[in-house]
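*Asks:* Quick one: the structure is below, questions incoming.
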Amino acid sequence: MALRWVSVAAIGLATASATALLAWLVSPVAPGIAAVVFGFTALPFGAMLGWILIIAPVAADQTYTSGDSVESHWTTSASSGTATDLVTVLGLTLAVVAITRVDPPATLLLTGLLLAAFASFTARYALARHRALSV
């Protein structure tokens, strides 16, 4: 169990380091301060990501209501997580736009958001299907 917690800490530090490096690379004013602030801010979220990936148990047996098919359950679980992913993508995009002070066209941002929604739903559906079929 200690090795799992070390892995969680490693994922948290890697996420914070990657965020700090990105902030340092794209910040036009005071890149060092931006790297420190964004690195410390990303550390708890990186630790949460590590916990989700390493420690959180995978629930294999799920209850289905009568009349629901397995595919509809996979679709529901994929759809429910897509909203969280989109909020995360929007937050990161707004952070990058605020740091770099660029003004991208709205069409580009909305197209990127739509592609992120498709990718999130597809990945979550495939993961739910894989987990159910590999048991």
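*Asks:* Enter the angle in degrees (range 0 to 90, nearest 10) between the Cα long axis of helix 106-133 and the first principal axis of the Cα atoms of the chain, meaning the one along which they spread out most.
*Replies:* Compared with the principal axis, the helix lies near 40 degrees.
*Asks:* Gaussian network model of the chain, Cα springs within a sub-10 Å range: biggest mean-square fluctuation belongs to which of 105, 31, 44?
*Replies:* Of 105, 31, 44, the most mobile in the Gaussian network model is 105.
*Asks:* On to the next question. Once every DSSP H run of n ≥ 4 in the chain is given -39500 (n - 2.57) and the sum is divided by its residues, what mean residue ellipticity at 222 nm do you get, rounded to the nearest 500 deg cm²/dmol?
*Replies:* Estimated from H runs of four or more residues: -27500 deg cm²/dmol.
*Asks:* A further question on this structure: For the pair residue 132/residue 49, report the inter-label distance in nm, with labels modelled 7 Å from Cα in the Cβ direction.
*Replies:* Between residue 132 and residue 49, the simple spin-label model gives 2.8 nm.
*Asks:* Rounded to the nearest percent, how much of the accessible area of the chain (1.4 Å probe, protein heavy atoms only) is carbon and sulfur?
*Replies:* 73 percent
*Asks:* Starting from 0.36 nm per residue, how many nanometres of slack lie between residue 75 and residue 14 once their C-alpha separation is accounted for?
*Replies:* Net length gain for the segment: 18.8 nm.
*Asks:* Can you figure out the FRET efficiency of residue 111 with residue 29, using R₀ = 30 Å and their beta-carbon distance, to the nearest 0.05?
*Replies:* Computed FRET efficiency for residue 111 and residue 29: 0.55.
*Asks:* A further question follows. Over what distance in Å are the Cα centres of region 29-59 and region 1-26 separated?
*Replies:* 6 Å
*Asks:* Right, here's the next one. Anyone know which of 50, 91, 39 comes out most mobile in the 10 Å Cα GNM of the chain?
*Replies:* 91
*Asks:* Along the Cα→Cβ direction, 7 angstrom out, place labels at residue 84 and residue 101. What is the inter-label distance in nm?
*Replies:* Label at residue 84, label at residue 101, 3.6 nm between them.
*Asks:* Per residue, how many Å² of accessible area does the chain show with a 1.4 Å probe?
*Replies:* Dividing the accessible area of the chain by its residue count gives 70 Å².
*Asks:* Taking Cα pairs under 8 Å and at least six residues apart, what relative contact order does the chain come out at, in percent?
*Replies:* Numbers: 108 pairs, mean separation 35.6, N = 135.
Relative CO of the chain lands at 26 percent.
The values are calculated or read from the model by the stated rules, or taken from the named source; none is laboratory data. Every value quoted in this text rests on a predicted model; they were computed, and no experiment measured them. Here the Cβ is made from the backbone with ideal geometry for all residues, glycine too, and neighbour counts use every protein chain on show. These accessible areas exclude ligands, DNA and RNA; they are computed on the full protein's heavy atoms, side chains included. Shrake-Rupley method; radii C 1.70, N 1.55, O 1.52, S 1.80 Å.
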